[in-house]
Protein chains: 2
Amino acid sequence: MDDVAAVAGVSRGTVSRVLNGGHNVSKPALDAVQRAIRKTGYVVNQHARSLVTQRSHSVAFVLSEPQERLFEDPNFHVLLRGCTQSLAEHDITLVMTIAGTQEERRRVSRFVTSGHVDGALLVSTHMGSRLIDDLRGRGVPVVACGRPLGHERDLAYVAADDRDGARQMVQYLLSKGRRTIGMITGPLDTPGGVDRLAGYRDVLGPVPDRLVVTGDYVRDRGEAAMERLLSQAPDLDAVFVASDLMAAGALTALRRAGRRVPDDVAIGGFDDSSMATAVSPALTTIRQPLTRISAEMVRLLLALIAGDPPATVILPTELVVRDSA
Amino acid sequence: MDDVAAVAGVSRGTVSRVLNGGHNVSKPALDAVQRAIRKTGYVVNQHARSLVTQRSHSVAFVLSEPQERLFEDPNFHVLLRGCTQSLAEHDITLVMTIAGTQEERRRVSRFVTSGHVDGALLVSTHMGSRLIDDLRGRGVPVVACGRPLGHERDLAYVAADDRDGARQMVQYLLSKGRRTIGMITGPLDTPGGVDRLAGYRDVLGPVPDRLVVTGDYVRDRGEAAMERLLSQAPDLDAVFVASDLMAAGALTALRRAGRRVPDDVAIGGFDDSSMATAVSPALTTIRQPLTRISAEMVRLLLALIAGDPPATVILPTELVVRDSA
DNA sequence: CTGAAAGCGCTTACAG
DNA sequence: CTGAAAGCGCTTACAG
């Protein structure tokens with residue numbers, strides 16, 4: 001920076017002003033500095049800048065999933081890409097962190113609170129990690145993806161309307177003449193687990209236990225859950241599955257059992273992830289607007305960093321009809 | 001830090017020494033400082049530290065793919081997770097950057113060279129972006145994933161032995177009695193494109209043009225390429241496909257054409273990605289050791305940052321026999 | 001083993 | 001509009 005100032009024949013203060021928008025700088029000074037920057041190939045040292053501004057212009061993307069299951073979930077990539085792009089538009093860098101184990105969570109907590117980032121985007125399905133309390137306690141701006149069970153009031157978050165999506169799907173299955181509709185749920189310590197089940201019950205009222213099996217979002221579990229459902233309720237003619245990945249597994253189990261989809265059993269998924277069209281028959285499912293969710297998370301986090309109070313954003317879900325129901 | 005020093009009754013210099021390993025510090029002083037740190041909840045300011053050490057303890061993961069196609073590729077996630085974990089073991093943070101468009105590449109280049117990171121892991125299939133030259137010119141330590149066409153000599157990289165993998169697959173197909181073996185290649189401006197085709201030719205010698213179709217690694221293109229191959233060479237009894245994703249597409253095309261796999265046409269994939277077992281029949285394929293590739297990339301980058309000269313690491317590939325061939 | 005002091009490369013009131 | 005100067009929060013020879 002001294003070099004640039006010397007070459008341009010001005011003070012470092014003026015160089016700095018040019019760097020920060022060029023306000024209060026005369027045209028000739030501005031030109032001289034810009035020429036000097038190009039000539040010297042100068043790039044600001046972000047650490048020095050951050051040290052004085054107390055702002056790093058980067059945020060953490062915290063993947064806090066014990067089994068790191070999200071990595072296999074196509075939804076996750078859409079979210080990661082969406083956040084990276086939305087942030088890039090604001091010239092903010094995404095720092096990727098994985099908080100799978102206890103040890104990793106400690107590391108992440110230390111990292112996020114040590115001024116390395118201005119805030120954090122929390123992506124996890126299961127709750128109950130101490131991470132949230134740690135970060136909140138330090139006053140770090142945080143936005144969660146999905147309703148953070150138990151922290152709805154003190155944490156900003158963006159979520160799809162899971163419950164309404166589930167209602168739409170079950171109503172659709174009914175409208176197609178299905179009468180015995182089973183469900184494979186997500187884990188019941190996740191918002192997608194409880195809310196989608198609640199939506200199912202909203203429409204169907206009290207349902208016999210044998211019609212509901214708890215899953216965990218991944219493919220294999222969907223397959224096992226479907227087998228169980230088939231043995232508990234051989235008479236079912238439709239199943240609402242809380243994720244496309246599990247629905248893909250359910251399809252496999254049905255094929256093996258000799259049941260045709262959708263003729264014998266209709267399958268409704270959730271997410272409208274890439275899996276929905278990768279399987280055959282293609283899944284009728286509920287679309288979550290993940291790209292918009294990413295954009296809203298970023299918007300909310302930037303607002304929080306700017307000092308705004310936390311807020312909640314709920315985005316609508318939408319029925320997508322394909323071949324499985 | 002002043003607070004900690006005050007509480008512990010020592011100077012800031014001593015606090016700093018404790019923070020940096022506790023060498024040359026007396027036991028009582030060390031204890032007092034650690035107590036004070038706990039009591040005050042102090043966390044170092046990384047920017048201040050980096051400003052003086054000139055080291056950020058973070059590296060960039062540069063995803064430089066025009067179509068951002070990698071995001072859909074399961075290989076990519078394995079790589080990202082592998083790198084994040086290997087880096088975490090060294091207490092180094094991964095900063096995720098996407099350099100898809102020209103504009104993004106400029107941003108990334110500025111970011112990487114401005115001292116924000118100590119080095120970069122370059123993940124891209126296509127070459128010829130100016131990014132490499134930019135970073136090299138600035139003296140930024142860089143390790144590429146896969147042979148960087150045209151930069152083999154001046155860039156450190158880690159790659160799987162693509163050519164030998166291709167040879168293994170073609171030899172296997174021959175050993176199963178297949179006589180007319182077609183190939184769907186990757187893009188010919190990528191190492192996986194040229195090297196896998198070279199391996200195919202190593203075994204088969206000169207091959208009629210009608211047996212080889214160029215693809216682009218993604219599913220849809222694999223489907224289209226298979227259709228083309230089927231019309232150009234209706235007599236083929238095996239196809240070596242340069243990626244599992246394309247092989248999945250090829251399977252769809254074959255099913256539609258009424259050809260049974262592997263009875264009528266055997267399919268050999270490449271990657272052993274999650275796609276290989278997600279499709280039916282499961283793919284016989286060539287395994288790339290992506291987790292080891294990530295670990296080696298990280299090791300190489302840290303060596304580079306420490307001042308070692310660039311190096312090349314080639315990891316073996318391995319035939320995995322399943323149902324498609 | 002320890003403290004005082006310089007310095008890392010910036011930004012930003014402040015005075016002019 | 002511009003320069004001189006203080007200060008962001010650390011680390012690290014240096015002297016003791």
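Computed from the coordinates by the stated procedures, all read-outs in this text should not be read as laboratory data. Here the structure is a predicted model, which means the values were calculated and not measured. Virtual Cβ from ideal backbone geometry, glycine too; neighbours counted across all protein chains shown.
Pairwise over distinct Cα atoms, reciprocal of the mean inverse distance: report the Kirkwood radius of the range A:2-44 in Å, one decimal place. Value: 9.8 Å, from the Cα pair sum. Residues whose amide H comes within less than 5 Å of that of residue A:183, counting only those at least five positions distant or on another chain, are A:212, A:213, A:240 (H built at 1.01 Å from N in the peptide plane). Using the Cβ-Cβ distance between residue A:312 and residue A:91 with R0 set to 25 Å, the FRET efficiency from 1/(1 + (r/R0)^6) comes to roughly 0.40. Expressed as a fraction of 2.2 N^0.38 Å, the value expected for a compact globular protein of N residues, the C-alpha radius of gyration of chain B is 1.26. Here residue B:39 is the anchor, and the lysines within straight C-alpha reach of less than 20 Å, apart from those fewer than 8 places off in the same chain, are B:27. Classified by the C-alpha gyration tensor, the protein assembly as shown has an oblate form. Its axis ratio a/c, with a ≥ b ≥ c, is 1.5 or above, and a/b does not exceed b/c.
Amide H contacts for residue A:273 (H built 1.01 Å from N in the peptide plane; partners 5 or more residues away or on another chain; cut-off under 5 Å): A:244.
Tell me the relative contact order for chain B as a rounded percent, counting alpha carbon contacts under 8 Å between residues six or more apart. It rounds to 16 percent for chain B. Its relative contact order, with pairs defined as Cα atoms under 8 Å and 6+ residues apart, puts the range A:233-324 at 29 percent.
Look at the stretch A:90-98: the mean tally of other chain Cβ atoms within 10 Å of its residues' Cβ atoms is 5. Residue A:136 label point (Cα plus 7 Å toward Cβ) to equivalent points in the other copies: 5.1 nm, shortest first. Per residue of peptide A:50-58, the mean number of Cβ atoms on other chains within 10 Å of the residue Cβ is 3. Please compute the average number of Cβ atoms from other chains found within 10 Å of each residue's Cβ in peptide B:274-283. If you average over the peptide's residues, the count of other-chain Cβ atoms is 1. Counting only alpha carbon atoms, the long axis of helix A:290-305 and the longest principal axis of chain A meet at about 40°.
Here the range B:228-325 is treated with +1 on each Lys and Arg Cβ and -1 on each Asp and Glu Cβ, and its dipole about the Cα centre works out to around 240 debye. For residue A:264, the label point sits 7 Å beyond Cα toward Cβ; its separations from the matching points on the remaining copies run 2.7 nm, from shortest to longest. What the Cα atoms of the range A:157-287 give is an Rg and a Dmax of 12.9, 43 Å. With one equal scatterer per alpha carbon and no solvent term, the Debye-computed log10 I(q)/I(0) for the range B:1-136 at 0.10, 0.15 1/Å reads -0.49, -0.79.
Between the range B:82-158 and the range B:224-275, the C-alpha centres lie 34 angstrom from each other. Rounded to the nearest 10 degrees, the inclination of helix B:219-232 to the longest alpha-carbon principal axis of chain B is 20 degrees.
Taken about its Cα centre, the protein assembly as shown carries a charge dipole of roughly 1120 debye when the Cβ of each Lys and Arg holds +1 and the Cβ of each Asp and Glu holds -1.
For the range B:162-287, averaging the sequence separation of C-alpha pairs within contact (under 8 Å, six or more residues apart) and dividing by the residue count gives a relative contact order of 25 percent.
Work out the charge dipole of the protein assembly as shown with +1 on the Cβ of Lys and Arg and -1 on the Cβ of Asp and Glu about the Cα centre, then indicate which of A:312, A:33, B:278 is farthest towards its positive end. Among A:312, A:33, B:278, the one farthest towards the positive end of the dipole of the protein assembly as shown is A:33.
Output the 0 to 90 degree angle, nearest 10, between the alpha-carbon long axis of helix B:74-89 and the longest principal axis computed from the alpha carbons of chain B. The two axes meet at around 20 degrees.
From least to most packed, judged by other beta carbons within 10 angstrom and beginning with the fewest, A:56, B:175 follow the order B:175, A:56. Starting from the label point of residue A:103 at 7 Å along Cα→Cβ, the same points in the other copies fall at 4.2 nm, in ascending order.
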